[in-house]
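Structure first, commentary second.
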There are 4 protein chains.
Amino acid sequence: MEETIEQWMQDLLKLDSAGAKMTEKQIKILQSAIEVFAEKGYAASSTNEIAQRAGVAEGTIFRHYKTKKDLLLSIVAPAMTKLIAPFVLRGFNKVLDTQYASYDQLIRSMIENRIEFLKKHKNILKILIQEIPFHPELQESFQRDVLAKVLERLSKLVAQFQAQGTIIELPTATVVRLTVSTIVGYVLVRSFYGERPGAEWDDEREREETIAFIMRGLGVS
Amino acid sequence: MEETIEQWMQDLLKLDSAGAKMTEKQIKILQSAIEVFAEKGYAASSTNEIAQRAGVAEGTIFRHYKTKKDLLLSIVAPAMTKLIAPFVLRGFNKVLDTQYASYDQLIRSMIENRIEFLKKHKNILKILIQEIPFHPELQESFQRDVLAKVLERLSKLVAQFQAQGTIIELPTATVVRLTVSTIVGYVLVRSFYGERPGAEWDDEREREETIAFIMRGLGVS
Amino acid sequence: MEETIEQWMQDLLKLDSAGAKMTEKQIKILQSAIEVFAEKGYAASSTNEIAQRAGVAEGTIFRHYKTKKDLLLSIVAPAMTKLIAPFVLRGFNKVLDTQYASYDQLIRSMIENRIEFLKKHKNILKILIQEIPFHPELQESFQRDVLAKVLERLSKLVAQFQAQGTIIELPTATVVRLTVSTIVGYVLVRSFYGERPGAEWDDEREREETIAFIMRGLGVS
Amino acid sequence: MEETIEQWMQDLLKLDSAGAKMTEKQIKILQSAIEVFAEKGYAASSTNEIAQRAGVAEGTIFRHYKTKKDLLLSIVAPAMTKLIAPFVLRGFNKVLDTQYASYDQLIRSMIENRIEFLKKHKNILKILIQEIPFHPELQESFQRDVLAKVLERLSKLVAQFQAQGTIIELPTATVVRLTVSTIVGYVLVRSFYGERPGAEWDDEREREETIAFIMRGLGVS
DNA sequence: AATGAATGAGACTTCATTCAT
DNA sequence: CATGAATGAAGTCTCATTCAT
């Protein structure tokens with residue numbers, strides 16, 4: 001856990017809005033805030049608890065973040081612009097360049113790379129998903145910095161495969177929707193059932209069946 | 001909107017835990033609570049605002065519901081046991097009995113019936129989805145009263161179609177997962193893009209393509 | 001002291017902005033707030049101390065006054081519009097009507113009536129004077145509701161005496177200024193020196209000399 | 001403005017309680033403190049804002065002044081002992097020596113010299129007046145170092161004129177009171193009305209009428 | 001049943017002050 | 001000397017909940 005956030009901090013450190021280095025306590029505060037927000041939700045989290053978990057005085061939080069909401073935004077906003085969109089898209093340039101890859105390989109790499117990512121950033125993603133509905137500014141930013149970018153890139157990829165004649169001629173948006181919702185469904189169910197001890201979940205098989213399902217649905221024989 | 005909740009109230013009225021009739025004020029309180037909870041989230045909602053919107057004194061809320069959490073549960077718990085599971089399953093008995101229906105007709109009817117339902121109970125569903133992660137007792141109840149029931153029924157249906165030889169021989173849980181996640185994806189995207197004025201969303205076509213996608217993925221030719 | 005404020009409360013009661021009756025606790029809160037504000041100044045007063053002196057919970061203050069500043073304004077604003085201007089002007093209509101009074105009698109009655117008033121409302125006046133410089137909205141209100149009204153009325157009175165030929169032909173504003181500053185000086189010094197035990201302050205004489213000074217300065221022999 | 005304070009600093013520099021030279025930062029701190037205290041009042045001023053305006057770290061303030069109150073006193077106390085009393089009295093020795101001056105010339109010179117002074121030290125005077133009521137030690141010091149000295153000197157002057165037979169035989173304290181309150185009234189009104197653009201304030205005339213008023217009130221024809 | 005004034009615990013936030021660097 | 005991160009006490013304010021009417 002520590003390492004996970006450490007690493008994510010490294011990402012953020014280079015990008016701190018003011019460009020300033022963070023003190024150790026500041027990092028602790030962010031870590032605790034992410035934990036607590038994910039656990040209880042933003043509104044039900046108290047700055048007091050965040051401070052305690054971080055081992056700092058409550059006042060220290062407000063030296064670094066003017067308000068509690070500021071603290072939320074300083075976690076969520078960079079997560080969107082610097083973390084999620086880049087990560088989702090990472091590796092796709094390669095695919096765009098090489099003409100060889102097939103659609104099922106694309107999907108397979110999407111899944112494989114991202115599973116790890118999701119586990120690592122589970123808390124931040126949970127916060128993101130929970131809070132977006134209640135903060136219009138986050139909605140806007142999500143729409144602009146994540147959704148739009150991801151969709152545009154995926155659409156291009158899909159168009160390329162359609163040009164190759166390897167996948168079906170539907171509107172690219174529709175192809176993307178069908179693909180993504182199937183994958184998301186797989187990932188969600190997996191994270192529920194797949195990680196319980198003693199659950200009957202043959203991950204290898206489920207994944208391959210999922211990909212095969214998509215390929216039957218979208219591929220051109 | 002009023003009518004919607006009115007109608008839902010009728011459902012609840014027969015089922016009030018104590019079996020007692022609700023006063024007009026009590027109904028107003030529930031209506032307002034649903035509104036406010038959906039708008040701001042449970043933790044960020046104040047009983048004061050709920051009382052104001054309901055046009056009652058703050059004390060009145062606590063005459064009917066011992067605590068704020070009680071108020072939440074009195075909305076969400078019956079919604080799960082009396083509303084959602086029954087509604088999702090409604091109409092399936094018919095399918096189970098008649099041997100005629102094909103899988104794509106099943107899916108089509110699932111979609112068509114439920115779209116209206118979702119619109120009507122949007123607020124309650126939003127509360128449900130938002131709050132489940134933070135209330136273990138809700139999770140349990142959801143698991144037991146909704147998920148388990150729905151899955152069991154759907155599994156039987158799927159098994160029936162598999163016995164007919166009209167859909168593919170995968171674990172029923174897998175078939176259900178692939179079907180449901182595709183449909184949920186359709187419904188979500190639809191509710192985002194499909195209801196904006198001027199959006200390019202040909203609902204008829206998207207729905208049919210979605211069903212066709214599932215059938216190619218799961219059907220036996 | 002209690003009675004003083006009681007009486008002032010009576011004035012305010014009829015005039016509560018919302019027209020609502022005040023509860024006993026609300027009155028206690030106002031009393032304590034006036035005391036504490038006068039003693040320590042608005043900024044250095046804590047709502048905690050006000051609550052303690054009033055014998056209420058701190059939260060109770062904020063049920064009646066949304067913010068601490070609200071509490072200040074609910075004391076000071078009506079004090080200006082409903083108390084000070086009317087009181088300063090009280091009795092002048094009579095003078096305006098009867099042609100008999102002489103300027104020195106006017107001054108004498110101004111002093112005699114007002115001394116009591118000042119003692120009674122000392123605290124509120126202290127707050128007023130202390131806080132006006134820091135609250136632009138108070139400045140404006142003071143200018144409009146007190147200064148302008150008082151000056152207009154006094155100017156008319158002075159003009160009347162000038163028409164009678166009993167006081168000197170200077171701009172009325174100048175006459176008012178000279179008169180008022182002399183009286184204010186008398187009252188201030190009096191309240192400093194005159195009420196210390198053992199002070200050499202022959203109030204009767206000082207007052208008469210002050211009036212005589214003004215009459216020599218402004219009267220027409 | 002800068003120069004004003006610079007100049008006042010020069011006065012203070014020679015007189016720093018410890019006799020030590022002030023660093024540039026120390027001077028900046030004092031300047032900012034005077035500004036902020038005058039603007040918002042002592043209690044509502046934050047050391048943080050003072051530090052920011054002074055361009056120093058917050059800690060630096062406390063290296064020079066043990067507490068915030070220390071900072072206030074280091075402005076106000078020397079202002080009283082080294083600035084105000086001396087200035088008010090400046091030039092009076094000459095009058096005491098030469099037997100020629102008349103009372104109206106004394107008043108005129110008091111006004112003319114002091115107007116400039118008031119403008120220059122407006123902020124410090126504002127702080128003084130605002131804070132004296134809340135700090136008993138300031139009251140005492142003001143009484144002892146300013147009031148007593150000024151009154152004593154003025155009393156001697158008045159006595160001298162009375163001996164000359166040029167002003168009326170009242171208690172000297174009374175003469176001083178009447179004179180000073182009239183002048184203060186003039187100065188205050190002047191600073192309100194006289195410096196607004198477009199105000200109808202003929203300063204020359206008002207001043208002369210004020211002096212004439214005093215002379216009629218106190219002079220012996 | 002309904003009210004709404006009152007409560008007090010606890011929320012967020014500010015701020016003077018300290019101290020290691 | 002200067003810094004600024006850190007502190008924790010205290011401040012203002014919110015809110016679920018109670019209770020006399």
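The values are calculated or read from the model by the stated rules, or taken from the named source; none is laboratory data. Given the structure is predicted, the values throughout are model-derived calculations rather than measurements. With ideal geometry, Cβ positions are generated from the backbone for all residues, glycine too; neighbour counts draw on all protein chains shown. Heads up: the accessible areas ignore ligands, DNA and RNA and are worked out on the full protein's heavy atoms, side chains in. Shrake-Rupley method; radii C 1.70, N 1.55, O 1.52, S 1.80 Å.
Anything in segment A:61-92 that is more than 16 Å from DNA strand E (Cβ to nearest atom) and of a type in the set (D, E, K, R)? List them, or say none. Let's see the steps before the verdict.
If we filter segment A:61-92 for residues that are more than 16 Å from DNA strand E (Cβ to nearest atom), which is where we start, we get A:77-92.
Passing the criteria: A:82, A:90.
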As an exercise: evaluate residue C:145 against (1) within 16 Å of DNA strand F (Cβ to nearest atom); (2) of a type in the set (Asp, Glu); (3) more than 14 Å from every other protein chain (Cβ to nearest Cβ) and give the number of the one condition it does not meet. (1)
Restricting attention to segment C:17-64, report how many residues are within 27 Å of residue C:133 (Cα to Cα), of a type in the set (Ser, Thr, Tyr) and modelled with pLDDT of 95 or more. 5
Segment C:170-204, residues that are modelled with pLDDT under 95 and charged (D, E, K, R): C:190, C:195, C:196, C:200, C:202, C:203, C:204
Residue A:179 fails exactly one of the following numbered conditions: (1) open to solvent by 40 Å² or more (accessible area, probe 1.4 Å); (2) closer than 25 Å to residue B:220 by Cα; (3) at the interface with chain B (Cβ under 10 Å from one of its Cβ atoms). What is the number of that condition? (1)
Can you name the number of the only condition in (1) modelled with pLDDT of 95 or more; (2) away from DNA strand E (no atom under 13 Å from the Cβ) that residue C:6 fails? (1)
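Looking at D:169, D:131, which is the one that is among the charged types (D, E, K, R) and free of Cβ contacts under 8 Å to residues at least 60 places away in the same chain? Can you show your working first?
Values: D:131 fails: free of Cβ contacts under 8 Å to residues at least 60 places away in the same chain.
Answer to the check: D:169.
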When the residues of segment A:27-69 are filtered to those that are in contact (Cβ under 8 Å) with a residue 60 or more places away in the chain and open to solvent by less than 10 Å² (accessible area, probe 1.4 Å), which remaining residue is nearest to the other protein chains (Cβ to nearest Cβ)? A:41
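Quick one: count up the residues across segment D:100-124 that are open to solvent by 30 Å² or more (accessible area, probe 1.4 Å) and under 28 Å from residue D:213 (Cβ atoms).
Qualifying residue count, segment D:100-124: 15.
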Quick check: anything in segment D:141-161 within 21 Å of the chain's Cα centre (by Cα) and among the hydroxyl-bearing types (Ser, Thr, Tyr)? yes
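Yes/no per residue for (1) closer than 19 Å to residue D:151 by Cα; (2) touching a helix residue (DSSP H, G or I) at 6+ places or on another chain (Cβ under 7 Å); (3) facing chain D (nearest Cβ under 9 Å); (4) crowded, with 17+ Cβ neighbours inside 10 Å:
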site: C:152; (1), (2), (3), (4): no, no, no, no
site: C:158; (1), (2), (3), (4): no, yes, no, yes
site: C:167; (1), (2), (3), (4): no, yes, no, yes
site: C:174; (1), (2), (3), (4): no, yes, yes, yes
site: C:190; (1), (2), (3), (4): yes, yes, no, yes
site: C:199; (1), (2), (3), (4): yes, yes, no, no
site: C:205; (1), (2), (3), (4): no, no, yes, no
site: C:210; (1), (2), (3), (4): yes, yes, yes, yes
site: C:220; (1), (2), (3), (4): no, no, no, no
Has segment B:29-47 got at least one residue that is near DNA strand E (Cβ under 10 Å from one of its atoms), in contact with a helix residue (DSSP H, G or I) (Cβ under 6 Å, 6 or more places away or on another chain) and closer than 25 Å to residue A:45 by Cβ? yes
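For segment B:94-105, give me each residue that is modelled with pLDDT of 75 or more and in a helix (DSSP H, G or I). Explain how you work it out, then say what you get.
Residues of segment B:94-105 that are modelled with pLDDT of 75 or more, as a first pass: B:102-105.
Correct list: B:103, B:104, B:105.
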